[in-house]
Amino acid sequence: MWKGYGLVLLSATGFAFIPIFALHAYNSGVNVTTLLFLRFALAALFFFMYAWFKKKNEKVSWSQLFYLFLLGGIFYMLQSSLYFHAVKYIPSSLAALLLYLNPIFVAVFSFFINKEKLTRQTVIAILISFSGMLLVLGAPEGKIHPLGIALAIGAAVIYSIYIIVGNKVIAHVPPITASAYIALFAALSFFVWGISTETLHFQFDAKGWIPVIGTSFVSSVLAMLAFFAGMNIIGPTKAAILSMIEPIVTFLLSMVFLHESVSSIQMIGGLIVLSGAMLVVTTKELKPKKKSTSISA
């Protein structure tokens with residue numbers, strides 16, 4: 001079990017580096033479209049090579065391919081784009097925290113889409129998280145751009161839809177195969193978008209390749225593989241709870257590498273937000289168990 005815990009914590013740390021790598025890439029002249037195209041293109045290349053080496057090239061049906069396209073080419077593309085733009089306007093620690101409102105949105109969407117009952121514990125958890133968010137946004141450390149808040153919350157909403165659809169798809173497609181196709185379709189979407197809007201370019205400082213490669217391999221490949229491996233040992237619910245350490249790690253990394261700071265009230269609010277989201281996850285665990293699998297960003 002300790003191995004599983006360690007792998008999931010390693011995964012959360014890898015994901016926590018995303019805004020750090022992104023801001024260093026921007027400072028080197030890499031724009032959002034180019035960074036995300038390279039992130040997913042390199043990740044897709046690695047996943048397909050890994051699947052080939054491990055002889056895990058699983059066949060997928062056309063219907064599964066369509067849903068994988070929705071996951072990677074639409075939902076994950078939108079979520080990543082919103083999140084990576086958000087860190088240009090608000091502190092990376094706040095962007096990561098807002099992204100972790102997704103368990104709340106998953107619970108709400110599941111109520112409307114899957115007709116899952118909203119229990120009293122879930123409603124209380126939602127109220128707890130939003131009260132914490134009021135503390136975070138009501139006592140800002142420095143100027144907080146409303147656009148950045150909107151982009152980060154939008155990323156959380158899109159990611160929630162991604163999780164709901166992904167849980168259905170991943171039950172029939174092996175994680176490595178799903179990750180490979182999701183990354184491939186996301187890369188293709190950013191390529192088409194970049195060409196059509198003339199925002200895809202590679203004229204940036206050579207040092208920009210360091211955060212690009214870091215985003216792809218540390219925050220995509222390593223983080224995803226570690227999450228799947230850890231989840232197989234400890235289960236999806238414990239993995240989801242442990243993953244909530246990500247915004248805390250992002251905050252610590254932001255202090256070290258970006259010299260960001262937040263007020264004490266914001267820190268308390270952030271912990272309240274995470275406790276509400278954690279309550280949602282644990283409440284779902286107490287329901288009658290159904291076969292389900294989680295898919296991570």
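The values are calculated or read from the model by the stated rules, or taken from the named source; none is laboratory data. Fair warning: this is a prediction, and the values are worked out from it, not measured in the lab. When we count neighbours, we look across all protein chains shown, and the Cβ atoms used for this are built from the backbone with ideal geometry, even at glycine. What goes into the accessible areas is simple: the full protein's heavy atoms, side chains included, and nothing from ligands, DNA or RNA. Shrake-Rupley method; radii C 1.70, N 1.55, O 1.52, S 1.80 Å.
In the stretch 107-122, of all residues being assigned to a loop (DSSP other than H, G, I, E, B) and of a type in the set (S, T, N, Q), the one that is surrounded by the fewest Cβ atoms within 10 Å (Cβ to Cβ) corresponds to 114.
The set of residues in the stretch 41-80 being free of Cβ contacts under 8 Å to residues at least 60 places away in the same chain and of a type in the set (Gly, Ala, Ser) consists of 61, 63. Restricting attention to the stretch 1-18, the residues that are part of a helix (DSSP H, G or I) and open to solvent by 10 Å² or more (accessible area, probe 1.4 Å) add up to 10. Those residues that are surrounded by fewer than 19 Cβ atoms within 10 Å (Cβ to Cβ) and among the basic types (Lys, Arg), I need them from the stretch 19-61; list them, please. Listed by number, the residues that qualify are 54, 55, 56, 59. Report yes if some residue within the stretch 73-82 is more than 14 Å from the chain's Cα centre (by Cα) and at pLDDT 85 or above; otherwise report no. Looking for residues that are more than 14 Å from the chain's Cα centre (by Cα) and at pLDDT 85 or above, one finds at least one in the stretch 73-82, hence yes.
So is residue 196 open to solvent by 50 Å² or more (accessible area, probe 1.4 Å), under 22 Å from residue 131 (Cβ atoms) and at pLDDT 85 or above or not? Against the criterion (open to solvent by 50 Å² or more (accessible area, probe 1.4 Å), under 22 Å from residue 131 (Cβ atoms) and at pLDDT 85 or above), residue 196 does not qualify. Selection of the stretch 76-106 for residues being open to solvent by less than 30 Å² (accessible area, probe 1.4 Å), over 15 Å from residue 163 (Cβ atoms) and of a type in the set (A, V, I, L, M, F, W, C) yields 84, 86, 87, 90, 94, 95, 96, 97, 98. Against the condition part of a helix (DSSP H, G or I) and closer than 19 Å to residue 182 by Cα, how does residue 97 come out, does it pass? Criteria not met by residue 97. Sub-6 Å Cβ pairs linking a first residue in the stretch 182-198 that is farther than 12 Å from residue 74 by Cβ to a second residue that is small (Gly, Ala, Ser) and crowded, with 16+ Cβ neighbours inside 10 Å, at least 6 apart or interchain, are 183/43; 183/44; 184/44; 187/41; 187/44, ordered by first then second residue.
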